[in-house]
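Here the structure comes first, spelled out in structure tokens, and everything after it is commentary.
The values are calculated or read from the model by the stated rules, or taken from the named source; none is laboratory data. None of these values were measured; they are calculated from a predicted model. Glycine gets a Cβ as well: all are built from the backbone with ideal geometry, and neighbour counts include every protein chain shown.
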């Protein structure tokens, strides 16, 4: 046990964690969190270029490209792992102002939501062997609408409901399924908002802690939900938002 008598030291040592969409932003922050705890971390990016670029910032992780839109590719990639203890689905895109185009809407939902289901279904048998966990990355837009991002909002609302549904469906296999719902986090996806003084101030004025979150803020919640300390927690969509929801 740790010095505070709660955290089970070494509980992730030797554990295998797959972070789908973990080459940058929140996904990369989560990957680093598990690596810090001694886990063997496997990370995927959308393209070979993304995977290669991440090697310098995720030293020690196993990294490869994965197209989450292709169910057969996802299935084969996860089966090749042979053993897996924790799955994190952090892959996601946003196309502000373009998502009212039905084709763009479909693309966003396919990657953000359908990809999560493809990964969970493919990983279920291998995770069951070790009573593993699944963690999805939801959003503040799981709770709110977004006028410029109907596809992103719909996909993240779907992630929340998918998480609850899979928690019920997979419980008999000994699997726990949860989600984190990040608030406004400093990543490439929010760069345009952070660089707009008016929009940034609107966000910060509602955020109780008065700052943008960092990927490591999400990593702490992710590692907790995968840990033995959360052994009786499943079906939760946990806001990690600096108090934005209560503002």
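If you go through the range 53-74 and keep only what is more than 23 Å from residue 33 (Cβ to Cβ), free of Cβ contacts under 8 Å to residues at least 40 places away in the same chain and in a helix (DSSP H, G or I), you end up with 72, 73. Residues that are loosely packed, with under 15 Cβ neighbours inside 10 Å and touching a strand residue (DSSP E or B) at 6+ places or on another chain (Cβ under 6 Å) within the range 38-54 comprise 47, 48, listed in sequence order.
The test for being free of Cβ contacts under 8 Å to residues at least 24 places away in the same chain, closer than 19 Å to residue 16 by Cα and out of contact with any helix residue (DSSP H, G or I) (no Cβ under 9 Å at 6 or more places or on another chain) holds for residue 80.
The set of residues in the range 23-52 being under 18 Å from residue 81 (Cβ atoms) and assigned to a helix (DSSP H, G or I) consists of 27, 30, 31, 34, 35, 51.
Selection within the range 87-108: residues that are surrounded by 19 or more Cβ atoms within 10 Å (Cβ to Cβ) and part of a helix (DSSP H, G or I). The member of this set that is farthest from the chain's Cα centre (by Cα) is 105. Exactly one residue out of 77, 71, 61 is surrounded by 21 or more Cβ atoms within 10 Å (Cβ to Cβ) and over 19 Å from residue 29 (Cβ atoms), and it is 77.
The residue of the range 3-23 that is surrounded by the most Cβ atoms within 10 Å (Cβ to Cβ), among those that are closer than 25 Å to residue 114 by Cα and either in contact with a helix residue (DSSP H, G or I) (Cβ under 6 Å, 6 or more places away or on another chain) or modelled with pLDDT under 95 (or both), is 19.
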